[in-house]
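> Here it is: the structure, laid out below.
The values are calculated or read from the model by the stated rules, or taken from the named source; none is laboratory data. Keep in mind the model is a prediction, meaning the values are calculated, not measured. Here the Cβ positions follow ideal geometry from the backbone for every residue, glycine too, while neighbour counts run over all protein chains shown. All accessible areas refer to the heavy atoms of the entire protein, side chains included, with ligands and DNA or RNA removed. Shrake-Rupley method; radii C 1.70, N 1.55, O 1.52, S 1.80 Å.
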Amino acid sequence: VAVRWYLPRFSERRYPPLRTGGLFVLFVVLAFAATSILVHIVVTKPIRHLVTVSQKIAEGELVSTQQPAGAMRSHPQKRLAKDEIGALTAAFSGMMEYLQEMAHAATRIAMGDLSREIAPRSKDDVLGNAFSDMSTYLNEMATAATAISKGDMSQDIQPKTDNDVLGNAFTQLAAYIQ
């Protein structure tokens, strides 16, 4: 009994749609793979980097938003600025620059350097306004302390609040000296 007689033959002459369909499926699979790789490079990697940087900021570490060398080689900065991820990265970089600027200002103040004026970026700049107010207040207190040390007891020092430790200490000192 010949079993071969019942099996159909799949030859290119008898079934050309099978070959064409196979090529189409291969093309679709390759296109999907290429699209997936492109999405990973253009979207996923930059967003993952921003998430990592955000986590570090939340822990108090001010890091650069620039990715390690070569990490975004296929998606240069000029192109980034033209799409949503680029706009997000640019905004994030601006925020990091601002936070680093404020951290430097805080470090200078903590070291007693009140020589630089801190200019808020806008009237709504909560952190910048707070640093500016703090620097102004500490400069006023330093000026009053210098005047008192030179014998000028006419300084009118008013604590800003009941919890103003420095203002209350100066008020008590001025009362004690007089």
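> Are any of the residues in segment 125-147 closer than 30 Å to Gly94 by Cβ, of a type in the set (Phe, Trp, Tyr) and touching a helix residue (DSSP H, G or I) at 6+ places or on another chain (Cβ under 6 Å)? Reasoning before the result, please.
Taking segment 125-147 first, the residues closer than 30 Å to Gly94 by Cβ are 125-139.
Then keep just the ones that are of a type in the set (Phe, Trp, Tyr); that gives 131, 137.
From what is left, the residues that are touching a helix residue (DSSP H, G or I) at 6+ places or on another chain (Cβ under 6 Å) are 131.
The answer is yes, given that some residue of segment 125-147 is closer than 30 Å to Gly94 by Cβ, of a type in the set (Phe, Trp, Tyr) and touching a helix residue (DSSP H, G or I) at 6+ places or on another chain (Cβ under 6 Å).
> Kindly provide the set of residues from segment 154-174 that are open to solvent by 70 Å² or more (accessible area, probe 1.4 Å) and among the aliphatic types (A, V, I, L, M), ordered by number. Write out each step before concluding.
So the first thing to find is which residues in segment 154-174 are open to solvent by 70 Å² or more (accessible area, probe 1.4 Å), and the list is 154, 156, 158, 160-163, 165, 172-173.
Listed by number, the residues that qualify are Val165, Leu173.
> Next up: Can you find, within segment 19-42, the residue that is nearest to Ile85 (Cα to Cα) among those that are modelled with pLDDT of 85 or more and open to solvent by 90 Å² or more (accessible area, probe 1.4 Å)?
Going residue by residue through segment 19-42, those that are modelled with pLDDT of 85 or more are 27-38.
Subset that is open to solvent by 90 Å² or more (accessible area, probe 1.4 Å): 27, 30, 32, 37-38.
Details: Phe27: 29, Leu30: 26, Phe32: 22, Ile37: 17, Leu38: 14 Å.
Among those that are modelled with pLDDT of 85 or more and open to solvent by 90 Å² or more (accessible area, probe 1.4 Å), it is Leu38.
> Out of all the residues in segment 100-134, which are in contact (Cβ under 8 Å) with a residue 24 or more places away in the chain and in a helix (DSSP H, G or I)? Can you show your working first?
Our first condition is that a residue be in contact (Cβ under 8 Å) with a residue 24 or more places away in the chain; within segment 100-134, this holds for 100, 102-103, 105-106, 109, 114, 127-128, 131, 134.
Within segment 100-134, Gln100, Met102, Ala103, Ala105, Ala106, Ile109, Leu127, Gly128, Phe131, Met134 qualify.
> Same structure again: Can you find a residue that is hydroxyl-bearing (Ser, Thr, Tyr), under 30 Å from Val51 (Cβ atoms), touching a residue at least 24 places away in the same chain (Cβ under 8 Å) and assigned to a helix (DSSP H, G or I) anywhere in segment 135-142? Even if it seems obvious, please write down each step before you answer.
Taking segment 135-142 as the starting set, the residues that turn out to be hydroxyl-bearing (Ser, Thr, Tyr) are 135-137.
Still in the list and also under 30 Å from Val51 (Cβ atoms): none.
No, the conditions are met nowhere in segment 135-142.
Residue-by-condition table, conditions (1) over 28 Å from Gly128 (Cβ atoms); (2) at pLDDT 50 or above; (3) in a loop (DSSP other than H, G, I, E, B); (4) open to solvent by less than 80 Å² (accessible area, probe 1.4 Å):
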position	(1), (2), (3), (4)
Thr44	yes, yes, no, yes
Ile57	no, yes, no, yes
Glu61	no, yes, yes, no
His75	yes, no, yes, yes
Lys82	yes, yes, yes, no
Ile85	no, yes, no, yes
Ala90	no, yes, no, yes
Gly94	no, yes, no, yes
Tyr98	no, yes, no, yes
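> Something else about it: Whether any residue in segment 134-147 is open to solvent by less than 50 Å² (accessible area, probe 1.4 Å) and in contact with a Ser or Thr (Cβ under 7 Å, 6 or more places away or on another chain) is what I want to check.
Among the residues of segment 134-147, not one is open to solvent by less than 50 Å² (accessible area, probe 1.4 Å) and in contact with a Ser or Thr (Cβ under 7 Å, 6 or more places away or on another chain), which makes the answer no.
> Residues of segment 100-121 being open to solvent by 60 Å² or more (accessible area, probe 1.4 Å) and of a type outside the set (Lys, Arg), which ones?
Gln100, Glu101, His104, Thr107, Ala110, Met111, Ser115, Glu117, Ala119
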